[in-house]
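Colleague: Mind looking over this structure? Questions follow.
The values are calculated or read from the model by the stated rules, or taken from the named source; none is laboratory data. Note that the coordinates shown come from a computational prediction; the quantities given were computed from them, not determined experimentally. With ideal geometry, Cβ positions are generated from the backbone for all residues, glycine too; neighbour counts draw on all protein chains shown. Accessible surface areas use protein heavy atoms only, side chains included; no ligands, DNA or RNA. Shrake-Rupley method; radii C 1.70, N 1.55, O 1.52, S 1.80 Å.
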Protein chains: 2
Amino acid sequence: MELLEEHHCFEGRQQRWRHDSRVLNCAMTFSIFLPPVSGNAKLPVLYWLSGLTCNDENFTTKAGAQRVAAELGIALVMPDTSPRGDDVADDAGYDLGKGAGFYLNATQTPWAQHYRMYDYLRDELPALIQAEFAVSDRSAISGHSMGGHGALVMALKNPGKYVSVSAFAPIVNPTQVPWGQKAFTAYLGEDSATWQAWDSCALMLASQPEQAIPTLIDQGDADQFLATQLQPAVLAEAARQKDWPLTLRIQPGYDHSYYFIASFIEDHLRFHAQQLLK
Amino acid sequence: MELLEEHHCFEGRQQRWRHDSRVLNCAMTFSIFLPPVSGNAKLPVLYWLSGLTCNDENFTTKAGAQRVAAELGIALVMPDTSPRGDDVADDAGYDLGKGAGFYLNATQTPWAQHYRMYDYLRDELPALIQAEFAVSDRSAISGHSMGGHGALVMALKNPGKYVSVSAFAPIVNPTQVPWGQKAFTAYLGEDSATWQAWDSCALMLASQPEQAIPTLIDQGDADQFLATQLQPAVLAEAARQKDWPLTLRIQPGYDHSYYFIASFIEDHLRFHAQQLLK
């Protein structure tokens with residue numbers, strides 16, 4: 001691991017690291033915020049998954065999460081949104097290829113060689129974080145837009161791995177909306193039956209009662225993607241059917257930007273703290 | 001005026017505007033945060049001046065100031081750092097020309113045609129803000145690095161205009177450091193006697209007791225520019241000689257980045273609120 005940057009921030013440390021990923025078959029960069037610690041306490045971790053076009057720095061620089069994470073004693077880990085590098089397949093569109101990994105394991109050529117963000121986030125990155133930093137085994141996950149999809153899918157596919165999950169303006173039903181259909185066709189192929197394993201609504205409808213964890217979603221009602229790409233009400237209906245503890249908050253006037261995330265990230269951190277600090 | 005962007009943020013409005021500046025002889029962009037208001041209350045204003053290479057968006061997206069400004073009921077105005085446009089003189093260096101206006105009135109060719117940021121900030125922009133937004137006549141000023149220099153100079157040269165001034169890692173003594181000497185030679189000419197009118201230390205030493213206003217400076221001790229470009233102790237000594245109410249805080253471990261600003265911007269907003277909300 002190579003330390004690329006380190007900054008003092010709210011009495012903690014904001015760092016940026018590069019490491020070689022075996023799973024993704026390329027060098028990857030992630031950011032981490034380590035709050036101030038007293039003694040040998042091990043920190044719980046909140047993973048943050050970013051949206052289309054982002055890397056590890058968007059949330060790090062714009063969300064203002066470090067203040068509350070420092071107060072609560074929660075480490076924040078911000079992975080990148082796709083594999084990277086000159087030999088990694090890409091697409092001219094902003095919503096496919098680099099910056100648009102959709103947190104799944106691709107099965108199709110040319111994507112399958114590198115695009116295994118699901119395995120990276122489930123296994124390789126947490127193992128690295130555990131090995132290199134003084135963190136506990138309690139973790140939660142959150143994200144924005146494509147990253148909200150990623151957070152929900154990671155939580156729904158891995159019962160017991162996260163104590164809570166939250167999202168801002170997530171793509172909850174990717175099999176039914178243009179962003180998801182384009183990405184899934186490329187990464188997973190034409191057979192839409194294989195897509196269901198990466199759709200939060202389908203996963204929630206197939207879930208068992210004992211795997212439910214506290215879930216918080218914030219959605220701005222002035223979000224330009226609300227009607228065409230996001231539709232959180234579909235997930236809320238699945239949650240109602242399954243008695244899943246989902247709180248969906250519609251925030252009047254807010255859009256899809258980081259100004260929306262910054263406005264409510266404190267609520268999400270305190271929501272996760274209820275479980276992480278138990 | 002043309003509205004370029006508007007976002008809901010902490011129940012207030014984050015806007016970006018373009019207008020034609022007579023003083024600067026070009027189109028200019030500024031950002032403004034308007035906190036939520038009840039009734040017809042007029043908002044006090046904090047002007048924020050950014051550092052080298054920045055525009056109006058760095059502080060807007062990275063400092064996390066809107067949360068506290070919304071709570072306190074203070075409008076934030078973020079101007080650009082220089083005139084802009086294809087016909088505006090520029091330099092290959094990051095520390096001269098566009099993005100590096102140094103908040104002064106240039107007298108030398110080719111700079112004098114557009115580089116009058118001092119007049120723009122003293123007269124034109126506040127008049128525009130007063131005319132277009134429901135703001136009061138109480139204002140304060142703050143900034144970072146070159147913008148900390150700008151904030152101090154604006155306050156020192158205009159007694160009664162601002163109720164308080166603060167800065168993060170300001171260039172307090174530009175006549176004596178490389179950044180200032182390069183810029184002042186270009187903008188003001190070789191005669192360094194003319195430079196004194198734009199040097200906070202010289203201005204403070206020449207100040208009258210009745211013009212003193214509460215002044216707060218934060219400086220990280222891990223700032224890579226501390227010894228060569230910043231040297232806040234020189235201003236602190238001038239303040240001591242003049243009995244000027246300056247609080248200089250050295251923050252251990254902090255560098256020159258927006259992570260430093262984000263960590264202490266709440267203190268600065270509450271400091272200004274003591275005067276702005278009187």
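Colleague: Would you work out what percent of the accessible area of region A:204-256, with all protein chains in place, is carbon or sulfur (probe 1.4 Å)?
Modeller: Working: 1420 of 2570 Å².
Ligands and nucleic acids excluded, carbon and sulfur reach 55 percent.
Colleague: For region A:1-109, with all protein chains present and a 1.4 Å probe, just round the carbon and sulfur fraction of the accessible area to a whole percent.
Modeller: Carbon plus sulfur share of accessible area: 42 percent.
Colleague: Can you compute 3J(HN,Hα) from phi for each residue in region A:184-190, using the Karplus curve 6.51 cos²θ - 1.76 cosθ + 1.60 with θ = phi - 60°, rounded to whole Hz and x for Gly and Pro?
Modeller: Calculated HN-Hα couplings, in order: 5, 4, 5, 6, 10, x, 6 Hz.
Colleague: Another question, then. Return the distance in nm (one decimal) between the two label points of a simple spin-label model at residue A:181 and residue B:193, each offset 7 Å from Cα along Cα→Cβ.
Modeller: Using points 7 Å along Cα→Cβ, the separation is 7.7 nm.
Colleague: I need two numbers for chain A: Rg to one decimal and Dmax as a whole number, Cα atoms only, in Å.
Modeller: 17.4, 54
Colleague: Moving on. When Lys and Arg each count +1 and Asp and Glu each count -1, what net charge do the other residues less than 12 Å away from residue B:272, Cβ to Cβ, add up to?
Modeller: Cβ neighbours under 12 Å give a net charge of +1.
Colleague: Extension gain residue B:92-residue B:267, at 0.36 nm per residue separation less the Cα-Cα distance, in nm? Spell out each step's value before the answer.
Modeller: Details: separation 175, 0.36 × 175 = 63.00 nm, distance 3.64 nm.
So the chain would gain 59.4 nm between residue B:92 and residue B:267.
Colleague: Let me ask another. Let me know the charge dipole size of region A:1-44 about its Cα centre in debye, to the nearest 20, where only the beta-carbon of Lys, Arg (+1) and Asp, Glu (-1) is charged. Write out the running numbers ahead of the final one.
Modeller: Numbers: 5 positive and 5 negative charges, 33 e Å.
That gives a dipole near 160 debye.
Colleague: Work through the residues other than residue B:154 whose Cβ is under 9 Å from its Cβ and net out their charges, Lys, Arg +1 and Asp, Glu -1.
Modeller: The answer is +3.
Colleague: Let me ask something additional. Shortest first and in nm with one decimal, please list how far the residue A:208 label point sits from its counterparts in the other copies (point 7 Å along Cα→Cβ).
Modeller: 8.2
Colleague: What number in nm² do you get for region A:127-271 if you take the convex hull of its Cα atoms and divide its surface by four? Provide the component values of the computation, followed by the final result.
Modeller: Numbers: hull surface 37.3 nm².
Seen from a random direction, the Cα hull of region A:127-271 projects 9.3 nm² on average.
Colleague: Find out how many positive minus negative residues lie around residue A:142, taking Lys and Arg as positive, Asp and Glu as negative, among other residues whose Cβ is under 13 Å from that of residue A:142. Present the calculation step by step, with values, prior to reporting the outcome.
Modeller: On the way: positive: A:270; negative: A:218, A:266, A:267.
It works out to a net charge of -2.
Colleague: Can I ask one more? Looking only at chain B, where both bridge partners belong to it, what percent of the DSSP beta bridges are antiparallel (to the nearest 5)? Numbers along the way, then the final one.
Modeller: Working: 21 of 44 bridges.
That works out to approximately 50 percent antiparallel.
Colleague: Short version: which residues of region B:38-75 lose at least 20 Å² of accessible area, all chains versus chain alone, 1.4 Å probe?
Modeller: Residues losing area: B:61, B:62, B:67.
Colleague: Still on this structure, please answer the following. Only counting protein heavy atoms at a 1.4 Å probe, give the residues of region A:258-272, ordered by number, whose accessible area falls by 50 Å² or more when the other protein chains are present relative to the chain alone.
Modeller: Buried-area filter returns A:259.
Colleague: Once the dipole of the protein assembly as shown is set up with Lys and Arg at +1 and Asp and Glu at -1 on Cβ about the Cα centre, which of A:274, A:167, A:49 lies farthest towards its positive end?
Modeller: A:274
Colleague: What residue of chain B has the nearest C-beta to the axis that moves B onto A, and what is that distance in Å, given as a whole number?
Modeller: Axis relating chain B to chain A; nearest Cβ residue and distance: B:64, 2.
Colleague: Report, for residue B:93, each distance to the same residue's label point in the other copies, shortest first and in nm; define the point 7 Å along Cα→Cβ.
Modeller: Inter-copy label distances (nm, one decimal, shortest first): 4.8.
Colleague: Continuing with this model, one more query. Taking only protein heavy atoms and a 1.4 Å probe, what accessible area per residue, in Å², does region B:1-157 have with all protein chains in place?
Modeller: 35 Å²
Colleague: Kirkwood hydrodynamic radius, region B:217-276, all distinct C-alpha pairs: what's the number in Å?
Modeller: Working: mean 1/r = 0.0797 Å⁻¹.
Hydrodynamic radius (Kirkwood, Cα pairs) of region B:217-276 is 12.5 Å.
Colleague: To continue, here is another question. Rounded to the nearest 100 Å², what is the buried accessible area between B and A, both sides summed, probe 1.4 Å? Walk me through the numbers before you get to the answer.
Modeller: Working: alone 11230 and 11230 Å², together 20650 Å².
Protein heavy atoms only, the B-A interface buries about 1800 Å².
Colleague: Same structure again: What does the copy distance list look like for residue A:6, label position 7 Å along Cα→Cβ, in nm and ordered from shortest?
Modeller: 4.6
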